[in-house]
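First comes the structure, then the notes that go with it.
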Amino acid sequence: MIDQTLILLLAIPLVALVAIIAGGPARNIALMASVGNFGIALVTSIVWTQVAAPEQLGAFELIVLAKPQITLALGLPDAMAVIMMLLTTLVPIAAVLAGKCPEGRERLWFSSVLLISLGALGAFLSTDLFFFYAFHELALIPTFLMIGMLGKGDRKAAAWKITIYLAFGSIVLLAGLLWLVAATESPSLLFKDILAGQVDSGDQIGIAALLLVGFGVLVSLFPFHSWAAPAYASAPTPVAMLHAGVLKKFGLYGLLRLFPLVPEGMQHWLVALVVLLLGNILWVGMVTINQKRLDSMLANSSVMHMGYVFLAIAALIAAGSTDANNIALPAAVVLMFGHGVSIALLFALSDRIESKTGSLRMEELGGLAKSAPGLAFLFGLAGMASIGLPGLANFAGEAAVFLSGFKNWDAGQPLGAVQIATIIAIFGVVISAIYMLRAVRNIFHAAPVKLTESAEDLNMSEKIPALILAAALLVVGLYPNILFNLFNPTAEAVEPEVSLVEAP
Amino acid sequence: MHAWLLLLLPLLSAAAIHLGLKKNAHLSALISTGSALATLILTILLLGNDIKEPLQFAWASFGGEPLINIGLVVDKMAINMMLVVTGVGTLVHVFSLAYMASDEAKARYFCGLSLFMFSMTGIVLADNFLMMFIFWELVGLSSYLLIGHWFTKASAADAAKKAFCVNRIGDWGFMVGILMLWAITGTLTFGEMNLPEGLTAGILGATLLCIFCGAVGKSAQAPLHVWLPDAMEGPTPVSALIHAATMVAAGVYMMARVFVSVGFEAFPQWSTDTIAWVGGITSLMAALMATQQNDIKKILAYSTLSQLGYMVLMLGVAHGHSTEISMFHLYTHAWFKALLFLGSGAIIYACHHEQNIWKMGGLFKKMPITAITFAVGTLALAGFPMTSGFFSKEQILHETLHSNIYLFVLVAVVAAMTTFYMGRLFIVVFLGENRSKHSKDAAEVKPIMLLPLVLLAVMAVFSGYKFVAEPLAPQFHHVPFEAKTPFFTSIGAILLGAAGAFVFYFNKKSDPLSNNPVSKAFANRLYIDKGYDQLVKYGINVKAAVIDFLDGFIINGLIVGGLARCSAALGQLFNRAQSGSLQTYSLLMGVGVLLVIYLTVFVK
C-alpha cells in the first residue's frame, strides 16, 4: 500500500535541503519547509484519530533489499509515533527562527537544521529497524559538525566528547539490535515482524543490557550523561533545541518500542535501572544546582528530567508487558513531548538573554525583568513548565508517571523497587524548584545591573518562535487529554478496524 | 451549574488583564474586583445547597478510564470555605483599589489577585485529590508572584523563592501521600474513598502523615514555618488575603476534607497525635516569637502561625467534632485576621511605609476608625467574650480538656501569650505619644479603605454567633455556653496576658524586655531560620559542589573518560589513515556504521 503523506514529510525537507545547497534563500526555505511539515503532521494526526485503520494511514513500504529484507517503511502504528511526529515537526519551526546564524554560514546552518529534523522524523516514522537506526545516525552527523564548526566556547572538545560518547552508544546499541534480530529469527527487519518474534530467556539478559546501555547513552542515562552538558552549552542554539528537545528522545522511543521483546531481561536489570535513573534525578539534580551559567544549568536540567521518563519505563518493566492498561506508556510519551517543547523554548530564550546582555553567568545578571518583561514572562513560563507546574504540559506527564509508579502496588505488601524509586524521584520536584527559581531570581529579579538595565525586550520576530512553543505547552497543559486521548482509540473506531484487517 | 462560574470568572479576569488590559491599569483593577464581587454573590446564592453529586469531566484519561478528573464538589464545607475566600477576597480587592492606586504595576498586581482567586477556588471545590494538588501548586504560583510583586527589591525576590521552595518540600510528602491513598482506596475522588479492611496501622499512619506534609508546607507548620514571616515582603493586602485568611488555611481545609471523606477513626492514634503536637508546638513557638517582633506585619504573621497551629492541633485531636471545630476556627480567624492585616496596611499606608511599631505610637487620635476596628480585631484574636474568636477558642479549650489535658494547658498558655503580644502591639502603636515624624503626620485613610475594615470588624464580632454561623457555616456544631473550666481558663488567660502587656508596655519608648538572651532568641526566631540558611549554604551547596566535582572528575574523567580515551585512540588511528578532520570522521562513522549493519545482516 502506497500513500504519499508520510513520505511527503521526508521529501519536503529533502527538497528544501537541495534547494538550499543549490543556493536558494536558506532561512526562508527552511522556514517554509518546517511550517509545511508541521501543517501536514497536524492534519495527519487529526485524520489519524478518525480513520478506521489508523496504523495504515499514510503507510509507505518500499523493499530496498530482498534478503535479508530491508524495507523503507514509514507508518504511524500507535499514538507514541503520532506524538513524536508532532514534536519533531513543531520544534524545527522554532529552531529555524531562533538563534543567530553567523554571517556567510547560512547554507551550513539551515541545511543542518533541516537534516537533523529530517533524520529525527525519519527515525520516529520508520517502522523498519534498519531505517529507524540509520535515520538517527544521519541526524547525528550534522549535530556533531555544527557543534564542532559553529559552537561557542570550547567547541572542539565538546564536539569530540559527544561524537565519541554517542558513537560508543550507537555501537553498543547496534550490537544489541543485531543480537535481537538474530534471536527473534524475524523474516524481515520490520518492527511488526520483529515484535511478533520470541526471544529465548538465555539471550534476554544480554540483549536487555545492550539495549539499556546503548539507548541509555543516547539519552544521557547516568553515568553516561557527561557528554550532554558541554555539548548543549556549546552547541549553536537550534542544534541544542533539536537535540535536547527532539533527537535525544530516540533512545526513549526505542526502549519503549522494543522492551516488550525482552521482558525477563529487563526485569533482571530493573534494580540497576532504578539506581541509574535516581542518579539522573538526584546526582545530576545536585550538579544542576551547582551550575553558574544558565546554558549549562539548562543542559544539566535536561539530563535530570530524563530520569522521570526512565522511571516510567521502569514502571512498565515492573508491570510486565502484558499489562496493556498501563498508564506508564502514555505518561512517558506526554512527558517526552512536554520536556522536548520546554527545553527547546528554554534554550531559545537563553540565546536571547545572551545576545541582549552579553552574558549567561548568573551572578553577573539581575533585574532583567524590569527592562525585558516579555522575555521574563516567557522564561518564567518555560521554567515553570520544566519544573512541572500544573497547567503546562510537563505536569500532566510527570503526574501520570508518578501514578504509574504506584499503579501496581498492593497496599498490603511492602513497597517495591519502583515505588521506592517514585518516592525518591518526587524529591526531584524540590531540587528542580531550587535551581530554576534561583536562575529566575538571579537573572530577572533584584535591582537591574549594568548588563541588564538597558537591555531591550524581545521584538515581535523574536517572540514568535517562543510563542509557538509556549502555546503548545499551554494547550497540552490545560487539556492533556488532547494527547492522552490518542491512546484511547474510540470504540467505534476499533470495532470495524479489526474486521477490515482480518478479512482478506 | 453556576458553580463552574466561581472557577471561571477569576480565570477570565486574569487572562483578560494579562492578554489585553495590561496598559489600562484602572480598568484591570475594576475587572478583577468585579469578578471577585460576582463570585461572592454567586457563593451567597449557593448557601444552603449541598450538592454531593460532583460535576466533572476527564482531564487526563487512559484506556477509556479517567485518570485525572476536573470536577466540583459543592457541599456545606466547600460553600462555607468559599464564603471566606470570596468574602475576604472581595474586601481585599476593594482595599487594594486605594492601597495600590499609585503602584506602577497595578495591572500585574490585580492579575495576580485574580489568578489567586481562581486557584484557591479550585482547591476548595476540587472533588478529587489530584485536582486539589493541581490548584495547590497554582496557589503556590500566585503566592510566589504576589510575594515577589516588588521583585526589584532583593528581599522580596528572595522571600518569593523561599516560599515556593519550602512549599515544595511539603509537596514532596503530599504527593507521596496522595499516591499511597490512591493505591489503598483505588480512587482519587473524595466522595468515593473507603479504607479497606486489614491494612496495617503502619501503612495507614504513614499515608496520613505523608498527606499531612502538604499541610505542614502550605499552612506553615513547624519545621517548614520559615517561609511565612518572610512572605510579609508582599503588599499588605496580599498578606491579609493569602498569608492570613485563605491560602495558608488550605492545609487545614485539605486535612478536613480527608477526615470528612474517610473519617479519622481508621488512622492509628500515633499519627493523629503527631499532627496535634506539630500544631501545638507551632502554636506555642510562634506565640513566643511574636512577643519580641518589632515589625507590625511580622507580629501578625507569627500570630497567624500560632492560630494555624490551633487549627492543626484541633485536627489532630481527632475526637468528637474536632474537625468541625478546626474549620470553625478557620472561619472566624479569617475575618478577624484579615481585619488586623488590612488595619496594619492602613497604618503602614498612613505612616509612609513605616512598619516598626516603636516608630508609631499615639495613632488612636490620628486614625480613630482604623484604631477602633483594629481594637475589635485584637479582642477577637484574644478570644474576648462576645466576639467570634471567643466562640471558637472556647470550643478548642472544651475539646482538648476532654481529650488531652497537656494540649489543654498548651492552648491556655498560648491564649495568654496571644493577649500579651497583641496587647503590646495595640498599646505601642495606638497609645502613648507619637514617636516619629511619620506617626506625627499620620491621618485617617480614605473611606474606600475604611469600608472593608468596618465590614470585617462586623464579621469579627458577629460571625461566631449562632444566628450568623448557622447559615454561613452549617457544619458548625453549636455548643451551648456553660460557665465551666474552659470559660474560666479563657478569661484567666485574657486577664493575665492583658495585665502583662499593660504593665510592661504602657507609655514606654522602647521594649523593656528586649535585653536578655531569651528575648533575643525569640526576636531571632529561635535561630531556626539562621540554622536553615547555614544548612542550605553549607549542606546543599557543598553537597552540590562535591557532587559536581566528582561528576567532572570520576564519572567524566576516569570511568567514562577512560572509555572515551580508548575510543579516541581508535579514532586517531582511524584519523591517521584518513584525512584527520572531525568532519570526515563523523561522516565516515555514519557511513561506516550503516555499512557494518548492512554487511553483518547480509553476510549472515
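Principal-axis analysis of the Cα atoms of chain A puts helix A:201-218 at an angle of about 20° to the longest axis.
Axis of helix A:79-97 versus longest Cα principal axis of chain A: the two differ by about 30°, to the nearest ten degrees. Gyration tensor analysis over the Cα atoms of segment A:269-504 returns equivalent ellipsoid semi-axes of 38, 23, 12 Å (largest first, whole Å).
Pair-distance distribution of segment B:307-376: all C-alpha pairs, bin width 10 Å, starting at 0; shares per bin in whole percent are 19, 36, 21, 18, 6. Other residues lying with their Cβ under 10 Å from the Cβ of residue A:188 contribute a combined charge of 0, Lys and Arg counting +1, Asp and Glu -1. Loop-located GluC sites (Glu not before Pro) across segment A:52-132 with a Cβ neighbour count of 13 or fewer within 10 Å are A:103, with loop assigned by DSSP.
Gain on full extension, evaluated as 0.36 nm per residue between residue B:42 and residue B:352 minus their Cα-Cα distance, stands at 107.9 nm. Here the gap between residue B:507 and residue B:30, fully extended at 0.36 nm per residue and compared with their Cα-Cα distance, gives a gain of 167.4 nm.
Once you reduce segment B:309-354 and segment B:466-539 to the center of their Cα atoms, the two points are 12 Å from each other. Residue pairs exceeding 30 angstrom between C-alpha atoms, taken from B:298/B:393; B:162/B:337; B:23/B:359; B:298/B:366; A:407/A:463; A:370/B:509: B:23/B:359; A:407/A:463; A:370/B:509.
Close amide H pairs (under 5 Å, H built 1.01 Å from N) link residue B:74 with B:51, residues at least 5 positions away or on another chain.
Modelled spin labels at residue B:201 and residue B:448, positioned 7 Å past Cα toward Cβ, are 5.9 nm from each other. Mean per-residue shielding of peptide A:383-389 is 2, counting Cβ atoms of other chains within 10 Å of each Cβ.
Given Cα pairs under 8 Å that are at least 6 residues apart, what percent is the relative contact order of chain A? In percent, rounded to a whole number, it is 15.
Semi-axes of the equivalent ellipsoid for chain A, computed as √(5λ) from the eigenvalues of its C-alpha gyration tensor and ordered from largest down, come to 35, 27, 22 Å. The relative contact order of segment A:171-253, computed from alpha carbon pairs under 8 Å that lie at least 6 residues apart in sequence, is 28 percent.
Normalised by 2.2 N^0.38 Å, where N is the number of residues, the alpha-carbon radius of gyration of chain B equals 1.11.
Here the calculated FRET efficiency for residue A:50 and residue B:528, from their Cβ-Cβ distance with R0 = 56 Å, stands at 0.40, rounded to the nearest 0.05. From helices alone, the protein assembly as shown scores -23000 deg cm²/dmol at 222 nm; the rule is -39500 (n - 2.57) for each run of n ≥ 4 DSSP H residues, then divide by the residue total. The angle between the Cα long axis of helix A:460-478 and the longest principal axis of the Cα atoms of chain A comes to about 50 degrees, rounded to the nearest 10.
Residues A:113, B:518, B:88 in ascending order of nearby Cβ atoms (within 10 Å, fewest first): B:518, B:88, A:113.
When a/c reaches 1.5 or more, the comparison of a/b and b/c decides; with that in mind, is segment B:377-509 rounded, prolate or oblate per its Cα gyration tensor? Because a/c hits 1.5 or more and a/b fails to exceed b/c, segment B:377-509 counts as oblate.
Relative protection proxy for B:502-509, B:222-229, A:399-406, A:116-123, from highest mean packing down: A:116-123, A:399-406, B:222-229, B:502-509 (other beta-carbon atoms within 10 angstrom). Placing a pseudo-label 7 Å from each Cα along the Cα-to-Cβ vector at residue B:440 and residue A:15 gives an inter-label distance of 8.4 nm. Using the Cα coordinates of the protein assembly as shown, the gyration tensor eigenvalues translate into equivalent-ellipsoid semi-axes of 57, 31, 26 Å, sorted from longest to shortest.
Backbone geometry of segment A:452-458 corresponds, through the Karplus equation with coefficients 6.51, -1.76 and 1.60 at θ = phi - 60°, to 3J(HN,Hα) couplings of 9, 5, 10, 5, 8, 6, 4 Hz, x marking Gly and Pro.
In this simple spin-label approximation, residue A:43 and residue B:495 carry label points 7 Å from Cα along the Cα→Cβ vector, and these lie 8.7 nm apart. Loop-located trypsin sites (Lys or Arg not before Pro) in segment A:270-362 (DSSP state other than H, G, I, E, B) with a sparse environment of at most 16 neighbouring Cβ atoms within 10 Å: A:292. Full extension of the chain between residue A:459 and residue A:63 gives 137.6 nm of extra length, using 0.36 nm per residue less the Cα-Cα distance.
Summarising the amide proton neighbourhood of residue A:190: residues at separation of 5 or more, or on other chains, whose placed amide H is nearer than 5 Å comprise A:129. Efficiency by 1/(1 + (r/R0)^6): what FRET value for residue B:518 and residue B:406, r their Cβ-Cβ distance, R0 = 22 Å, to the nearest 0.05? Calculated transfer efficiency: 0.45.
All of the numbers you see were taken from the coordinates with simple rules; none came from a lab. All of these numbers come straight from a predicted model, not from anything done at the bench. Note that each Cβ is placed from the backbone with ideal geometry, even for glycine, and that neighbours are counted across all protein chains shown.
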